[in-house]
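Everything on this sheet refers to the single structure shown next.
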Amino acid sequence: MKKRYTSILLFVLLAANMQAAVLAADNKPAFRWIPNNELYFILPLPQNIYLPGSGETVQVHPWGLGLMSLGNGEKFSKTGGLQLQRVSVGGTSLSGSDSFYVFDFLGGLGYMSPKVVNKPLRFTASMLGDIGFSVNDFFIAPMVSAGWFYQTDNESTAPSGMNLTFFYRFMEINLGDVGGGKNGKLRPALGFKIGYIFKGFLTPKN
């Protein structure tokens, strides 16, 4: 158990350092990195965990929080962040219920449609790689997302406002003990998150 939480802590610290290195990178003046951040909440939509031992499928409703660093809000830009999900499991073949956490480091390419005067609604999409830990298991899975961003300050060059996003994880995640000593597989799933995009802490070069 101690080894498990030590591995998770090391992963979180490594991911945070990687994100900080990306944000602090010294870019050329022609490619200034003007990050914006998104703080979001993952709604508990239903997902399925398959239990190979009994052939049973248990429905769960993970929820979580995340923080993403975005580009400058103009078309394509790099993006990356961290998120944490909590999964509570219970079923007829499980002795009681159990809960576990899924730690994710996300990185990839994001898109935001160009700003149009007097039209605050903008389209967003992304292609991401998901690297994480869950119940002592390491996983890598591709993800895509699409949604709508409502820019509250249409005069600002930096995007800020509410962001509603659907995302889909393509691969299943192998899990260790999900309850009652049983292993499981978290199936590919659709998710939904509500976030708020706000101006980042770094400014353009002079």
Cut-off 15 Å between beta-carbons: net charge of the residues surrounding PHE192, Lys and Arg +1, Asp and Glu -1: +1
Ratio of the Cα radius of gyration of segment 34-79 to 2.2 N^0.38 Å, where N counts its residues: 1.82
Stretch gain in nm, segment ASN136-TYR168, where the contour uses 0.36 nm per residue and the Cα spacing is subtracted: 9.2 nm
Nitroxide proxy distance, nm - points 7 Å out along Cα→Cβ at LEU109 and GLU56: 4.4
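Bear in mind these aren't lab numbers, they're just calculated from the coordinates by the rules spelled out. Bear in mind the structure is a predicted one, so any value in this text is a computation, not a measurement. Counting neighbours? That spans all protein chains shown, and the Cβs are built from the backbone with ideal geometry, glycine included.
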